[in-house]
Every structure is written in structure tokens, then in C-alpha cells.
Amino acid sequence: TCPSDATAWVKHAFAQVSRESLGAQFDEVLEAWIELEHNYGFVVGTSASSFSRVKRPQEVTEWIRDGRGRQVEIWPIANMAKFQQAWWAWWRALQPSWHVPLPEQEEPPAGVTGEKEWGKLRVPGQNGLLSVVAALYWWGVAESARSREWE
């Protein structure tokens, strides 16, 4: 659930990425995202504080241009394989050097302990992790729809 003290942008974004249930794992993603934004005071963020565009999926770029879903709430993914490849490349590009997985792996190295600097991932506000969460949501909705097609 979205906290009552959340700002308008958080409430709107949360409503968008929780419209369709994607299961317990995605609920954990939403909880972690809300906790992070809460810890930063639900700041709006600025264009100066945003994630790198390097390798960012085109769908995310278009969604941002659209005002983060003002016209289209669940962004359509035209080519799922291309989107997945772009999403993983973008996610890897956002990782701090100590957290980068090997090229053939999706998971970061095991056994990393202690306080680390999150660098490029430390971007609160609507220009930060919301883009990652929204893209994961579209991916989940698209996969869910695909699996229902086979029923």
C-alpha cells in the first residue's frame, strides 16, 4: 500500500505500477521502492538528478517523454525479446562497479558485504528507480497476458 504521507507523484506512480497484481515478488519490489522514496522524503527529483540514458529501453524514454504515463498507463512493449535485452543492458549499466554481474550472468557477484556506495543508483524521485519499477511492471503485465493467451 502507498503511505498516506506520500506526495502526489508517488501516489500516482504507485497506482500505475500496482493496478494489476504481479504476485508477491513484485509486491516486495514495490515495498522496497516506497521505503526508499520515503527515506528520501518523497522528493520529486530534477532532470539533473536522473538515471543515465545509456542503454535505456526506448519504451522507458517514450514513457518519460509522455510525462510518465499521463497518456498511456501501461506502456506497450512491441518486441518483448528486444525490450528484455535492452532492460538488462540498462540495468547492468546502472550498477556501481562493485555490483556489476559477469556478462553471462544476471545476478551480481555473491558475497559482497559491508557498506558500499550505490553511486548511479542513488537517484530518488520520479527520475530514479521509478523508471526501473515501471519497466518491470510493463514486462510483468506483458508476460502475464502472454501466459493467459495459452490457457
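Values quoted throughout were computed directly from the atomic coordinates according to the rules given, and no laboratory measurement underlies them. None of the values given here were measured: they were computed from a predicted structure. Note that each Cβ is placed from the backbone with ideal geometry, even for glycine, and that neighbours are counted across all protein chains shown.
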Item to check | Cα→Cβ-extended label distance, 7 Å offset, between Glu143 and Glu20, nm | outcome: 1.3
Checklist outcome for this item: Quick shape check on segment 4-59: root eigenvalues a ≥ b ≥ c of the Cα gyration tensor, a/c under 1.5 is rounded, otherwise prolate if a/b tops b/c, else oblate, and it reads oblate
Checklist entry - In nm, what is the difference between 0.36 nm times the number of residues separating Arg122 and Thr61 and their Cα-Cα distance? => result 20.0 nm
